[in-house]
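The next block holds one structure in the form of C-alpha cells; read it before the comments.
The values are calculated or read from the model by the stated rules, or taken from the named source; none is laboratory data. All values reported here derive from a predicted model rather than from experimental measurement. Glycine also receives a Cβ, built like all others from the backbone with ideal geometry; neighbour counts cover every protein chain displayed. Just the protein is used for accessible areas: all its heavy atoms, side chains included, with ligands, DNA and RNA removed. Shrake-Rupley method; radii C 1.70, N 1.55, O 1.52, S 1.80 Å.
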Amino acid sequence: MRILVLLLALACLVILPRSRAGHVPLVYHQVGGGGGVTLEIDPATLRRRVETLRASGYLFVTSSEALRLPASARTASLRFDDGFESVYTQAFPVLRALGVPGTVYPIWERVGQPGYLTVAQLEELRGAGWEIGSHTRTHAALVDLTPASLTRELAWPGGDVPGMGPGGGCLAYPFYLQDARVRRHAQLHYACAVAGTFGVTGEAHALPGPLASPWDDWLLPWRAPLGADLRVPALLAGAGLGVLGTGDAPVTAPTLWNPAAHELVGSGAFSLSWEGGVRDTRFLWRQGDWVLGLNLLRGGASYSGASLAYHVGGPLTVAGGYGTAGPLGAVALALGGYGEVWARALPGSLVLGTEVLPLDYLRLRAEYDVVTRRGWAEGVYALPLRPGEGRPLRALLGYDGSLYAGASLRVGAHTAALTTRLDRPAFGVRVQTVW
C-alpha cells in the first residue's frame, strides 16, 4: 500500500506538470535589486533569461494572450506582481528594446504611492502592448475572507483609479492562495487568474505560476518544459518522509479530515504534522472537479489510504477511497461561500464535520464520530498584524482529547506552526505548502 501511495505521489509531482509545458510563466516582483527567490531580478539577468527562452523557440505573450493560443504553442510570459515602480523604470526599457510585452499586476490601493506605479505609467505600459491585470485591492489573503470581503477585494477599481477597468485581463492571486470560493468570485470579473506552481490543466482561473529562482540562468531550460519549480524536490522529499516508518502500530484514521473537500481546496496542497513521534502526511491534487487525496499516518498510529473526490455540481461533492482501515465513503456540502460540512464513513466509524469561515481571518474546524463518541475541534485566527502581507502571524487553539495551543507563520503559500499541549509538556510541528 505504501509503495502504491508513493507511486501516485511521484506521478502527480513529476508527470502531470508536463501537461502545461507549452507555456512558461516567469514571475517577478521588484526589478533592479539582487537576490531573492521571486522578489527581485536585475535588468541584465532579465534580458539574459528572455534571450535564453527565445533561443529555445519561445514566443513572449501576455498572460491572457497565452490562453488564446494552441496549448502546444511554445509561449512564455513575464508577470510582475504588486506594481512596483521599478517595473517601469528598470524592466520596461529592457523589454521595449527586445520587443517583448509584460503583464503587470498592481495592488490598486498602492497605485500612485511612493515606490509604486502611477496611473500615467500604467497607461504608458498598456499603450506599449503590456497587459494590466489586478493583484486585488489591498493584497489580502483571499482564502481567509468571507464572501462580502471577496467581492470588495476582487472588483476592478473603476473610478478609484481613472482609466483602469475590466478589459479581459487576468487576476494574480496574492500569495498564490485560492480555493473554489475565490475562483467563483474571480470568474465574475476576470477572463483568467494565475495561481501557484502547477495550476490546473485547461482551467483559466487557476493558471500555473512557477516560482523563479536565482539559479534560473542554468535551471530555466530544464524546468521550463516541465512546468515545475524548486517546490518539486521539496514535495518529493516530504512524500518520502511520510512513507517511512513501521506499519505495525494500531490502525486508525486521520482526524479533522474531509476526503470530499472541494469548496476550500486550491489546486493542490501538501502538509506534514509531527507530534510525539506521530507523523500525519496529507497530499491533495485537483484537476477540474476531481481531487485526489493521499493520507499517511505513522508513529503511534498507522494509516495509508487514497481517495478520489468529485464535485457533482452546486454545493455537492462526493468521494470514495480505500486504505488500511478498509473502504471509505464521504460527502460534503458547501455553505454558500462560508465553508462546508461533511460526513466520512469508514468501518467502525461515522464522522460528521465542518470547516467554516464565520468572519474574515477566522477559520474553525470540528468533527464528531457518532460511533466512538469522540470529538475534535480547532480554531485559527490571523492576528491583525501586517494586513498587506495577508496577516501572516496566526494563533490556534484546539482539542483532540486534550487542549493544545500554538502559533503559525505563513510566508507566501507556505506555513510553519508550533503547537504545545496545555496539560503536559508535549510539542508538535506542522508545515504546509499550497498551490
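A few points about this structure:
- HIS189, HIS29, reordered so the largest accessible area comes first (probe 1.4 Å): HIS189, HIS29
- If you sort THR151, THR45 by accessible surface, 1.4 Å probe, largest first, the order is THR151, THR45.
- For region 75-124: rounded, prolate or oblate by the Cα gyration tensor [a/c cutoff 1.5]: prolate
- Overall Cα dimensions of region 272-383, principal axis frame, Å, largest first: 36, 35, 29
- Stretchable slack from LEU69 to ARG96, in nm (0.36 nm times residue separation minus alpha-carbon distance): 7.5 nm
- Label-to-label distance, nm, for residues given as TYR310 and ALA120 (7 Å Cα→Cβ offset): 5.8
- The residues of region 318-435 expose on average 49 square angstrom of accessible surface per residue, using a 1.4 Å probe on protein heavy atoms.
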